[in-house]
Amino acid sequence: MGAVFGENKKSFEVGMIWWNFYCYDCKWKGVANDLDKDDSANEWYVCPKCSSDNIEDMGWHKEEDENTGN
Ligand SMILES: [Zn+2]
């Protein structure tokens, strides 16, 4: 009938959020596609939530949605 993979096999794709940009001002997390562009700045991107440019590419992180209860 095939191998059994055991309990380590969690729900892998459901409720999993990947992000790499972090805003130090409002703690927003997201991806580059979500960033807003500040027209007054020179090719610079800002936080879509608070328009701060105090954002940083932190590398890819994986955050599970807390809404995992049944
Ligand atoms: Zn922000």
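Since every read-out is calculated from the coordinates, none of them should be taken as a lab result. These numbers were taken from a predicted model, which means no experiment stands behind them. Cβ: placed from backbone, ideal geometry, glycine included. Neighbour counts: every protein chain shown.
Computed extension gain for ASP25 through ASP38, at 0.36 nm per residue and net of the alpha carbon distance, reaches 3.1 nm. The distance between label points at ILE17 and GLU56 comes to 2.0 nm (points 7 Å beyond Cα on the Cα→Cβ vector). Counting only Cβ charges, +1 for Lys and Arg and -1 for Asp and Glu, the dipole size of the stretch 17-59 around its Cα centre is about 240 debye. On the principal axes of its alpha carbon atoms, the stretch 17-59 extends 30, 18, 14 Å, with the longest extent given first.
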